[in-house]
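First comes the structure, then the notes that go with it.
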Amino acid sequence: MNTPKVAVVILNWNGIKYLRDFLPSVLASTYPNLDIVVGDNGSSDDSLEFLRSRYPSIRIIENKENYGFTGGYNRVLAQVEADYYILLNSDVEVEPNWIQPVIELMESDVQIAAAAPKIKSFHQKDHFEHAGAAGGFIDKFGYPFCRGRIFYEIEEDKGQYEQAGEVFWATGAAMFIKKRCWDLAGGFDETFFAHMEEIDICWRLKNMGHKVMYCPQSVVYHVGGGTLNSENPFKTYLNFRNNLLLLKNNLPFWRAFWVIGLRFFMDLLALSRFLMEGKRRDAWAISKAHQNFVRKLFSKSKVKSQKSKDYQAIVSNHKTPNLTGTYSRSIVWDFFINKKTKFTDLEKKDLH
């Protein structure tokens with residue numbers, strides 16, 4: 001039996017500290033048919049000099065400027081040949097056998113397009129980490145959440161999510177994806193720049209009938225906030241704008257129309273809350289996000305314009321999209337009003 005070729009691809013932007021701290025764990029990976037690639041997004045620090053002097057065997061692909069997470073990966077992966085890509089953040093520590101269990105799971109079913117390991121906190125290793133935890137879900141209004149993390153409530157890992165299975169989205173911090181599925185989906189939508197682009201590509205794959213999986217037998221430890229921390233207004237802007245783009249790109253037109261209308265109202269409530277808390281820059285970021293979204297409302301995403309024939313043809317053959325990993329209620333209401341702060345508090349009948 002042939003061992004699939006896997007490429008771990010780390011996108012770097014001025015991240016010499018993380019390369020120094022976490023590359024050794026990646027190089028200690030035990031998977032036998034492995035390439036490790038660093039794609040550099042126009043760094044101005046000493047990242048490239050460090051890599052060339054310390055790790056001359058690692059392949060470096062240089063982008064001329066910072067194209068963001070989306071554009072950076074699109075340009076780098078276009079130059080990488082493998083059966084599987086692993087998109088790995090530079091601020092992630094991995095265990096030696098983190099690759100094999102996920103590849104075995106994905107090889108077991110041709111419909112599996114993407115998967116994620118268990119994401120735990122580097123700084124608090126008995127807890128899950130915000131960006132992915134134990135697999136991503138999405139509610140009826142497009143709010144993403146995870147097993148092990150709903151909004152700001154992060155659970156301790158007590159072995160409660162040890163069953164591999166389907167989810168809605170795989171974290172971009174450590175995303176496994178089949179190359180043929182990456183190509184079929186057209187890569188990331190560069191309109192996103194960063195944040196939620198992984199949910200977008202997973203949603204497109206599910207609209208084509210594919211599966212996205214969670215594999216708890218693989219564990220990685222994520223620092224988080226390496227490029228944009230949670231207090232950065234630009235991150236607030238990206239999160240609010242990109243969540244609306246996510247709905248526009250993936251929902252049927254009329255459903256997107258009313259869901260986006262409702263989301264505008266809910267976002268204005270969040271804006272008011274930021275103002276009351278004195279966070280004027282975050283409030284302005286939401287306003288800018290709405291303005292930018294309206295300008296893009298009737299524009300085609302770069303992915304769909306590039307891959308429209310393949311994408312639309314396959315989606316039309318799967319008139320019922322794969323909805324596994326969706327929550328039929330409002331996670332906002334259940335979290336803030338009903339005080340359901342853990343994934344295990346949610347009713348199983350509402351999870352699909």
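What follows draws every value from the coordinates through simple rules; no lab data is involved. This one's a predicted model, so the numbers in the text were calculated from it and none came from an experiment. Cβ: placed from backbone, ideal geometry, glycine included. Neighbour counts: every protein chain shown.
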- Note on the structure: Of every Cα-Cα pair in the stretch 18-79, the percentage lying beyond 12 Å is 70
- Message: Can you tell me which of Arg295, Arg273, Arg281 moves the most in a GNM of the chain? Springs connect C-alpha atoms under 10 Å apart.
- Response: Arg295
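Report D for the chain in µm² per second (integer): Stokes-Einstein, Kirkwood Rh on Cα pairs, 10 °C, 1.306 mPa s. Provide the component values of the computation, followed by the final result.
Values: Rh = 20.6 Å.
The Stokes-Einstein estimate is 77 µm²/s.
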- Item | Highest average packing first - 100-106, 83-89, Cβ atoms within 10 Å | 83-89, 100-106
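Within 10 Å, count the other beta carbons around each residue, average over each peptide in 241-252, 55-66, 125-136, and list them highest first. Please report the intermediate quantities before stating the final value.
Values: 241-252: 20.6, 55-66: 13.7, 125-136: 22.4.
By packing density, highest mean first, the sequence is 125-136, 241-252, 55-66.
How do Asp40, Asp35, Asp267 rank when sorted from fewest to most other Cβ atoms within 10 Å of their own Cβ? Walk me through the numbers on the way to the answer.
Working: Asp40 22, Asp35 14, Asp267 19.
The fewest-first ordering by Cβ neighbours comes to Asp35, Asp267, Asp40.
Excluding Leu269 itself, what net charge comes from residues whose Cβ is under 15 Å from its Cβ, given Lys and Arg +1 and Asp and Glu -1? Before the final figure, lay out each step's value.
Details: positive: Arg263, Arg273, Lys279; negative: Asp267, Glu277, Asp282.
Local charge sum for Leu269: 0.
Given an 8 Å cut-off on Cα distances and at least 6 residues of separation, report the relative contact order of the stretch 6-222 as a percent. Could the numbers behind the result be given before it?
Details: 465 pairs, mean separation 55.0, N = 217.
Computed value for the stretch 6-222: 25 percent relative contact order.
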- Task: Taking the chain as the reference, fit the longest principal axis to its C-alpha atoms, fit the long axis of helix 280-296 to the helix C-alpha atoms, and give the angle between the two in degrees, 0 to 90, nearest 10.
- Result: 90
- Task: Please arrange Leu184, Leu23 by counting, for each residue, the other beta carbons lying within 10 Å of its beta carbon, fewest first.
- Result: Leu184, Leu23
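Volume per residue, Å³, of the convex hull around the alpha-carbon atoms of the stretch 69-172? Working shown, then result.
Details: hull volume 14.5 nm³, N = 104.
Dividing the Cα hull volume of the stretch 69-172 by its residue count gives 140 Å³.
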- Past 28 Å, Cα to Cα, is the threshold; run Lys125/Lys340; Lys125/Lys179; Lys120/Lys288 against it and keep the listed order. Lys125/Lys179; Lys120/Lys288
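With the Cα gyration tensor of the stretch 169-244 giving a ≥ b ≥ c as the square roots of its eigenvalues, does the rule (a/c under 1.5 for rounded; else a/b larger than b/c for prolate; else oblate) give rounded, prolate or oblate? Before the final figure, lay out each step's value.
Values: a/c = 2.33, a/b = 1.29, b/c = 1.81.
Here the stretch 169-244 falls in the oblate category.
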- Query: What list do you get for Val259, Val110, Val94 if you sort them by fewest beta carbons within 10 Å?
  - Reply: Val110, Val259, Val94
- What angle, in degrees between 0 and 90 and rounded to the nearest 10, separates the Cα long axis of helix 197-207 from the longest principal axis of the Cα atoms of the chain? 80
